[in-house]
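Single-structure report; data block below.
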Amino acid sequence: MLPTMMFVIDTAGLVLRLFLLLPIYRIKVNFLDFVRYAKMMNITRQLRPSLAKALMPTAMRAMSADSKLVELTMNEKTGIATVTMNRPPVNSLNLELLQGLLKAFEGLEDDRKCRGMILTSSSPTVFSAGLDIMEMYKPKPDRVKEFWTTLQDVWLALYGSSFPTVAAINGHSPAGGCLLSLCCEYRIMCPNYSIGLNETKLGIVAPKWFMSSMLGAIPYREAELALTSGRMFSTDEALKIGLIDEVASDKADAIAKSEKFLSQFAKIHPIARKLTKLNLRHSALEWMQENKELDLNIFISFVGQPIVQKSLEKYLEGLKAKQAK
Ligand SMILES: CC/C=C\CC/C=C/CC(=O)SCCNC(=O)CCNC(=O)[C@H](O)C(C)(C)COP(=O)(O)OP(=O)(O)OC[C@H]1O[C@@H](n2cnc3c(N)ncnc32)[C@H](O)[C@@H]1OP(=O)(O)O
């Protein structure tokens with residue numbers, strides 16, 4: 001009874017706050033729009049933390065980023081969190097790294113002090129080498145399912161985060177690495193690295209949501225050319241087509257520029273900002289929420305095909321041969 005009453009009070013408070021706020025920001029929105037937005041945003045995030053936790057599935061309750069593969073620091077003064085991928089040598093995204101990232105993003109979503117997040121890498125030369133090819137090469141059925149589902153959840157949590165996000169890309173960022181940065185609202189990259197969705201070069205196809213993430217950053221024509229050819233862009237080329245927003249001289253500069261980008265939101269009402277972001281991203285997020293299983297089945301059947309396994313094997317051999325030189 002008490003949780004129900006608190007839910008009603010909290011929800012009513014949220015509706016009231018939003019409607020009081022709307023004239024200030026001159027946003028025209030009707031009640032049905034609000035209900036749609038609230039549903040999309042997972043309204044429980046707006047409630048008192050204790051009640052929100054009680055309403056959440058048990059798996060989300062214990063969220064706090066303490067994985068060694070992911071370092072999470074919070075600047076208590078600014079409310080800006082830094083999430084650092086830490087899986088040497090190249091931050092290839094295996095199941096455990098993805099789980100660490102998910103834990104960090106979900107923890108920040110529950111943290112009312114969080115005013116923004118910077119995603120970066122502890123490697124001196126690689127942001128992330130993308131999905132760990134070993135997770136897809138001769139995969140174990142249960143693990144590969146969990147791997148893909150976790151990747152979907154990471155994408156949902158990052159692309160649909162209510163806090164503002166920046167990728168401080170301090171190294172190469174192919175495929176899944178590029179995807180992570182594309183989920184962020186702003187990308188700052190250090191010089192002389194490469195970035196892009198190069199899946200076709202591996203003989204695989206980037207899923208629809210990888211492509212829609214890229215289309216959120218660069219024009220359709222550029223994306224079509226880049227995706228079909230699997231093109232990797234240098235930092236300067238990426239800046240030219242809008243794949244990244246700024247160039248930084250080094251990691252420290254990238255972090256400083258990221259903080260500057262995030263600090264502008266101190267003057268913007270958080271609910272107005274959040275609703276705007278999530279409305280812009282709504283159709284891609286909704287597609288994923290409704291098609292997770294279909295997407296998983298496509299991936300599983302695709303990755304199980306001998307021709308795909310052969311391509312991955314050849315690509316891995318190429319990587320090893322490069323190292324041997
Ligand atoms: C329907 C949908 C179906 C499928 C969709 C699947 C989508 C997949 C998206 C992906 O993300 S696939 C992964 C694509 N990634 C890449 O193509 C990157 C490959 N790596 C590189 O280009 C380079 O490693 C680098 C530029 C990132 C870094 O270069 P460098 O610093 O010179 O390191 P090395 O190349 O020597 O690599 C060190 C070490 O790490 C291994 N490795 C690199 N990348 C991966 C990876 N993605 N997965 C697993 N392992 C990787 C590499 O083989 C070396 O291993 P050693 O054992 O030889 O030390």
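The values are calculated or read from the model by the stated rules, or taken from the named source; none is laboratory data. Small disclaimer: the values here were computed from a predicted structure and weren't measured. Cβ sites come from the backbone with ideal geometry, for glycine too, and all protein chains shown count toward neighbours.
Could you list, in sequence order, all residues of segment 155-179 that are away from the ligand (no atom under 13 Å from the Cβ) and either of a type in the set (Val, Ile, Thr) or more than 24 Å from GLY79 (Cβ to Cβ) (or both)?
THR165, VAL166 - these are the residues of segment 155-179 that are away from the ligand (no atom under 13 Å from the Cβ) and either of a type in the set (Val, Ile, Thr) or more than 24 Å from GLY79 (Cβ to Cβ) (or both).
Run SER161 past the list (1) part of a helix (DSSP H, G or I); (2) buried (at least 20 other Cβ atoms within 10 Å of the Cβ) and report the number of the one that doesn't hold.
(1)
Does GLN309 satisfy the condition of being out of contact with any Cys (no Cβ under 8 Å at 6 or more places or on another chain), under 30 Å from SER161 (Cα atoms) and either more than 8 Å from the ligand (Cβ to nearest atom) or modelled with pLDDT of 95 or more (or both)?
When the stated conditions are applied, GLN309 does not pass them.
Take the residues in segment 164-180 that are assigned to a helix (DSSP H, G or I) and out of contact with any strand residue (DSSP E or B) (no Cβ under 6 Å at 6 or more places or on another chain); name whichever of them is nearest to PHE299 (Cα to Cα).
LEU179
When only residues in segment 180-211 that are away from the ligand (no atom under 14 Å from the Cβ) and under 16 Å from the mean Cα position of the chain (by Cα) count, which is surrounded by the most Cβ atoms within 10 Å (Cβ to Cβ)?
Across segment 180-211, the extreme among qualifying residues is ARG187.
Go through segment 142-154 residue by residue and tally those that are away from the ligand (no atom under 13 Å from the Cβ) and free of Cβ contacts under 8 Å to residues at least 60 places away in the same chain.
The total comes to 5.
Would you call ALA284 at pLDDT 95 or above, more than 30 Å from THR125 (Cα to Cα) and surrounded by 16 or more Cβ atoms within 10 Å (Cβ to Cβ)?
So ALA284 passes the test.
Between a residue in segment 74-93 that is touching a residue at least 12 places away in the same chain (Cβ under 8 Å) and outside any strand (DSSP E or B) and any residue that is within 9 Å of the ligand (Cβ to nearest atom) and of a type in the set (D, E, K, R), which pairs come within a Cβ distance under 6 Å, given they are 6 or more apart or on different chains?
So the pair list comes out as SER92/ASP132.
Among the candidates LEU225, LEU294, single out the residue that is within 16 Å of the ligand (Cβ to nearest atom), aliphatic (A, V, I, L, M) and either within 30 Å of LYS310 (Cβ to Cβ) or over 21 Å from the mean Cα position of the chain (by Cα) (or both).
After applying the criteria, what remains is LEU294.
Have a look at PHE265, PHE233, PHE261 and point out the one that is more than 18 Å from the chain's Cα centre (by Cα), closer than 30 Å to ILE80 by Cα, surrounded by 12 or more Cβ atoms within 10 Å (Cβ to Cβ) and away from the ligand (no atom under 16 Å from the Cβ).
Result of the check over PHE265, PHE233, PHE261: PHE265.
Residues to consider are LEU275, LEU280, LEU285; find the one that is of a type outside the set (Phe, Trp, Tyr), away from the ligand (no atom under 11 Å from the Cβ) and touching a Gly at 6+ places or on another chain (Cβ under 6 Å).
Result: LEU285 is the single residue among LEU275, LEU280, LEU285 that is of a type outside the set (Phe, Trp, Tyr), away from the ligand (no atom under 11 Å from the Cβ) and touching a Gly at 6+ places or on another chain (Cβ under 6 Å).
From the set of residues in segment 212-225 that are touching a residue at least 24 places away in the same chain (Cβ under 8 Å) and not small (Gly, Ala, Ser), which is surrounded by the fewest Cβ atoms within 10 Å (Cβ to Cβ)?
ILE218
Residue check, LEU131 against (1) at pLDDT below 95; (2) near the ligand (Cβ under 8 Å from one of its atoms), all met but one. Which one?
(1)
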